[in-house]
């Protein structure tokens, strides 16, 4: 368990009136095994944190997004956010990014992103570890095949040099990576969500998903949500790994 002095910075790309901002904050705290006040939110719409600011924290997490796409670069201050991610990697600040953060970090360091609504993953999916994932100090604790919560239309199509490929799915071959020799991980899936919180989030953003998914209906998508116990402790394991003596 992390000490009470442990502080995590959560970079959020959500509008001020989006109720998923609060949900995301709570979900990261719960899944990381932290008190809510140990996870401090930073609004990326107001600008990216400076190196001096983010170095005050023991770890950084980057969440998903409501109305913003890495493929479109439509987040306010997007270039400054990418520069911030480059600085995080350069310094080696312990970091776990999910979904939007996964895509943005890949792009910032030279990867490629594709807007691919036809291969949208929303709901609970089975993922598989790569050979690199099996021996990774964090992902290697997962079974070879595990269930995870997803919700995305953008996907990473190529990783930058120095990034280790950790997990895959049939619709999205690049599902997770680690920056080589640094305590920095990222996943397309959401380890901060369980099937209930993921379904709640999908319901809130339902129009944005259904309108871009060929042949999808609310009913058949709602049937895609199921428990994902294998990945539910990944953030706790991340905190334990970076705080071990």
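Every number in this text was worked out from the coordinates using simple rules, so none of it is lab data. Values in this document were obtained by computation on a predicted structure and should not be read as measured data. Neighbour counts are summed over all protein chains in view; Cβ atoms, including those assigned to glycine, are modelled from backbone coordinates with ideal geometry.
What the table shows:
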quantity	calculated
Residue-averaged [θ]222 nm for the chain, counting only DSSP H segments that reach four residues, each worth -39500 (n - 2.57)	-8000 deg cm²/dmol
Mean Cβ neighbour count within 10 Å, used as a protection proxy, ranking 150-163, 65-78 highest first	150-163, 65-78
Gap separating the Cα centres of the stretch 1-40 and the stretch 92-106, nearest whole Å	15
Virtual spin-label span in nm between residue 15 and residue 134, 7 Å along Cα→Cβ	4.7
Sorted by Cβ density within 10 Å, fewest first, the residues 107, 44	107, 44
Length-normalised contact order for the chain - Cα pairs under 8 Å, 6+ apart - percent	21
Highest-MSF residue in the chain out of 80, 13, 176 [GNM, Cα springs under 10 Å]	80
Read-out log10 I(q)/I(0) by the Debye sum over Cα atoms at q = 0.08, 0.12, 0.16 Å⁻¹, derived from the coordinates shown; its label in [x] -0.26, -0.61, -1.17; [y] -0.32, -0.69, -1.12; [z] -0.34, -0.76, -1.28	[x]
